[in-house]
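*Asks:* One structure follows; several queries about it will come next.
The values are calculated or read from the model by the stated rules, or taken from the named source; none is laboratory data. Source: prediction; values computed, not measured. Neighbour counts run over all protein chains shown; Cβ positions are idealised from the backbone, glycine included. Accessible surface is based on the protein model in full, side chains and every heavy atom, while ligands, DNA and RNA are left aside. Shrake-Rupley method; radii C 1.70, N 1.55, O 1.52, S 1.80 Å.
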Amino acid sequence: MKKLRWLHRYMPEYLKLAVPAWVALLVEVLVDLSLPTLMASIVNIGIRNSDTPYILRTGGIMLGLALFGSLMGLARNWLSTKVSQDLGTLIRADLFRKAQRLSMSAILKFGPSSMITRLTNDVMQVQNMSFMLTRIFIRAPLLLLGSVIMAFILNPGLAMILVGVIPVLGFLIWLRIQRGLPLFKKVQAAIDRVNGVMREYLGGVRVVKVFNRHRYEQDKFDAANQNLTGLGVKAARSMATIQPLMLVLMNGSIILIIWFGGIRISAGNMLVGDIIAFINYSLQILQSMMMVSWIFTAGVRAKTSGDRIGEVFGLEDGMPLPEEPVVPVGQGALEMRNAAFCWPGQSIPVLKDISFRVEPGQTVALIGSTGSGKSSLVNLFSRFYDVSEGAVLVDGQDVRAYGLSELRSRIAMVPQQAILFTGTIRDNLRWGRPNATEEELEAAVRLACADEFIPKLPDGYDTWIGQGGVNLSGGQKQRLCIARALLCSAPVLVMDDSTSAIDMGTESRIRSRLRQHAQNMTVLLIAQRIHSVMNADRILVLDEGKLVGSGSHAALLEDCPIYRDIYRSQMGLDRSGKEVV
Ligand code: TTP
Ligand code: MG
């Protein structure tokens, strides 16, 4: 139950509507309980004495009560629907907010598909349960208890039959729950997997088509889907056996009641009306036990889902933040002091003992073979992750001393993967600064050389971009990402291999425009091509997580063998400097 503690915070809001629903329910139950007794009196008094006015009067009262009960039922239904839908909405909103606060490594703990299931399907289960709670939870025990009491009042001897059967039924329900719980946990995990396969397929649909892997993907999906079906059926079956068993037991006890009641009536110890009422109460007990079994089925699912939601709420929020964040001042100096970095969950550091400094306004390039840790390195400045040793400084202050949004608003980032969002080009560009003017927007677009293609698109700036920017070319996407970052007008610009899909001519145009119009900006530029880095103020060479060279192009050619190798391989020269054919 500890994992369900997160539900507490929704209780005040929930109870506001749930309590009136329960009051309405209580009235309904009282009506239900009074009807069989009234009926008994019609049989015992009215029919026995042929007292028609009595029959009509009592019948009228019964009708009135039934109508009133239905009205209450309507109100209660409205309230339960509203309260459970509201609860679902609140939980989903909070889950999304929580997901936004999580650090990268925390989000990766469950993976995107599971996070989505948790936010949708799992919340739905909890929502269902809350609906059941306001509809039948109070009703079932009340009806059960009331019916037992009324049965006792009518005839204690016969009521003993019921008292004998109810614990057996209770035990049956308990037994099923024990079996059901672990099964439903597996069902939710299976939903995660189905979502996962679908997500992966949709994300990589082009690759699937190119490699003609439809059959493979279909099989993968079928396997996940079959698995879900199998588990779902198994879980539902394990719960479904309760109902028939209960029916057999309850109908058995009604036979006993009629049997023993019959004997009593023949002996003149009991009235016919009482037997009718008694059977009615027994049926209500049966009905309420059924409700209890439904609610437990829903409860078992909701508990599993509630735990899964609780796991998300239980994740540590992002990174430890300073109590009193420092206000950033400065023009955008970057520095690393003996920084080392390990990916979460791994023991081998991907960056070792890195120290360098970038002065405000400088352009520093970072080059190194793939996997050498360039992206990992720049991620540290925006504090997507924390260093495991040493320090990362922005404007002379440790990044851990700033508030996260203050820090990140100082560093405009063009990530290695050109990620765009559903919306128009204009929406996407304005991400970093929603209130940017049209002139600022166009200036940023010109710097990124995106003015070369945006006007040619069908709707220009209002062209709709599909999810992930599917309707643009790689180079177009990269240019939009550069413009988006430039529009933030942050003092630091980090470009992670963000011109890899842009042809050399355009790339050098972007570089010269940046040099002319953004002289004050500190630029940290990652690139694979020597051409892209040659003109930087300084070039850092990264190899297997270590900084192996730092200096100008000419200096590095002189004294950094790794840089020389990269240069030669890209110029088509062999080690001795001869052209390779
Ligand atoms: P990167 O820092 O991504 O290497 P890179 O940017 O230099 O490479 P590229 O030019 O191809 O963009 O990765 C460095 C190491 O970190 C690499 O061995 C893989 C590892 N790594 C993880 O373990 N988890 C991750 O999420 C990422 C991105 C990298
Ligand atoms: Mg990279």
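*Asks:* Quick one: check the C-alpha center-to-center distance for the stretch 493-522 versus the stretch 368-410, whole angstrom.
*Replies:* 21
*Asks:* Right, here's the next one. Determine which residues of the stretch 518-554 fall in the zone a paramagnetic label at ARG337 would reach in this model, i.e. backbone nitrogen under 15 Å from the point 7 Å along Cα→Cβ.
*Replies:* Taking a point 7 Å out along Cα→Cβ of ARG337, no residue of the stretch 518-554 has its backbone N under 15 Å.
*Asks:* In deg cm²/dmol and to the nearest 500, what is the mean residue ellipticity at 222 nm of the chain if only DSSP H runs of at least 4 residues count, each as -39500 (n - 2.57), divided by the residue total?
*Replies:* Computed mean residue ellipticity for the chain: -20000 deg cm²/dmol.
*Asks:* Okay, next question. Could you order TYR201, TYR385 so the one with the most accessible surface comes first? Probe is 1.4 Å.
*Replies:* The ranking, largest first, comes out as TYR201, TYR385.
*Asks:* Once both axes come from the Cα atoms, what is the angle between helix 272-314 and the longest principal axis of the chain, in degrees from 0 to 90, rounded to 10?
*Replies:* 10
*Asks:* OK, next. Measuring with a 1.4 Å probe in the full set of protein chains, what accessible area per residue, in whole Å², belongs to the chain?
*Replies:* That works out to 50 Å² per residue.
*Asks:* Scan the chain and report its longest stretch carrying no GluC sites (Glu not before Pro) that are both in a DSSP loop and have at most 14 other Cβ atoms within 10 Å.
*Replies:* That gives 1-315 as the longest site-free run.
*Asks:* Still on this structure, I have one more. For the pairs LYS2/LYS185; LYS16/LYS109; LYS98/LYS185, note any where the Cα-Cα span goes beyond 26 Å.
*Replies:* The answer is LYS16/LYS109.
*Asks:* Give the relative contact order (percent, whole number) for the stretch 334-571; include only Cα pairs under 8 Å separated by 6+ residues.
*Replies:* Normalised by residue count, the contact order of the stretch 334-571 is 27 percent.
*Asks:* So if R0 is 30 Å, what FRET efficiency would ASP451 and GLU359 give, r being the distance between their Cβ atoms, rounded to the nearest 0.05?
*Replies:* That gives a FRET efficiency of 0.45.
*Asks:* Now for a separate question. When the Karplus curve 6.51 cos²θ - 1.76 cosθ + 1.60 is applied with θ = phi - 60°, which whole-Hz ³J(HN,Hα) does each residue of the stretch 377-387 get, with x for Gly and Pro?
*Replies:* 5, 6, 4, 5, 5, 7, 6, 6, 9, 9, 5
*Asks:* Please give the contour-minus-distance gain from TRP78 to THR463: 0.36 nm per residue of separation, less the Cα-Cα distance, rounded to one decimal in nm.
*Replies:* Stretched out fully, the TRP78 to THR463 stretch lengthens by 134.2 nm.
*Asks:* On full extension of the chain, what length is gained from LEU15 through ARG213, given 0.36 nm per residue of separation minus the C-alpha to C-alpha distance?
*Replies:* Gain in length upon complete extension: 66.1 nm.
*Asks:* Please give the solvent-accessible surface of SER70 in Å², to the nearest 10, using a probe radius of 1.4 Å with every protein chain present.
*Replies:* 70
*Asks:* For ARG101 and ASN227, what is the calculated FRET efficiency with R₀ set at 35 Å and r taken between the beta-carbons, to the nearest 0.05?
*Replies:* Taking R0 as 35 Å, the efficiency between ARG101 and ASN227 is 0.60.
*Asks:* Full extension from GLU544 to GLU316: what is 0.36 nm times the residue separation minus their Cα-Cα distance, to one decimal in nm?
*Replies:* 79.0 nm
*Asks:* Please find the FRET efficiency linking ARG206 to THR424, where r is the Cβ-Cβ separation and R0 is fixed at 30 Å, and quote it to the nearest 0.05.
*Replies:* 0.85
*Asks:* Here's another thing I want to ask about it. With everything on Cα atoms, drop me the angle between helix 11-41 and the longest principal axis of the chain, reported from 0 to 90° to the nearest 10.
*Replies:* 20
*Asks:* Helix 474-487 versus the longest principal axis of the chain: what is the Cα-based angle in degrees, 0 to 90, to the nearest 10?
*Replies:* 90
*Asks:* I've got another one for you. Say each of ARG529 and THR37 gets a label point 7 Å from the Cα, pointing the same way as Cα to Cβ; how far apart are those two points in nm?
*Replies:* If labels sit at ARG529 and THR37, their model points lie 9.0 nm apart.
*Asks:* Could you pull out every residue, at least 5 positions away or on a different chain, whose amide H is within less than 5 Å of the one on SER498? Hs are placed 1.01 Å off N in the peptide plane, and Pro or chain starts have none.
*Replies:* Close amide H contacts, sequence-distant or interchain: ILE526.
*Asks:* Percent of accessible area on the chain owned by carbon and sulfur, 1.4 Å probe?
*Replies:* Roughly 62 percent of what the probe reaches on the chain is carbon or sulfur.
*Asks:* Rounded, prolate or oblate: which fits the stretch 405-533 when a ≥ b ≥ c are the square roots of the eigenvalues of the alpha-carbon gyration tensor, with rounded for a/c under 1.5 and prolate only if a/b beats b/c?
*Replies:* Because its axes are fairly even, with a/c under 1.5, the stretch 405-533 counts as rounded.
*Asks:* A further question follows. Within the chain, what's the longest stretch lacking trypsin sites (Lys or Arg not before Pro) that sit in DSSP loops with no more than 13 other Cβ atoms inside 10 Å?
*Replies:* 49-574
*Asks:* Largest first, what is the accessible-area ranking of PHE313, PHE381, PHE152 with a 1.4 Å probe?
*Replies:* Accessible-area ranking of PHE313, PHE381, PHE152, largest first: PHE152, PHE313, PHE381.
*Asks:* Cut-off under 16 Å on the C-alpha distance; same-chain residues fewer than 8 positions from LYS374 excluded. Which lysines are left, in chain and number order?
*Replies:* Here the lysines satisfying the reach criterion relative to LYS374 are LYS352, LYS546.
*Asks:* Shape of the chain from its Cα gyration tensor (a ≥ b ≥ c, root eigenvalues): rounded if a/c is under 1.5, otherwise prolate when a/b > b/c, or oblate?
*Replies:* prolate
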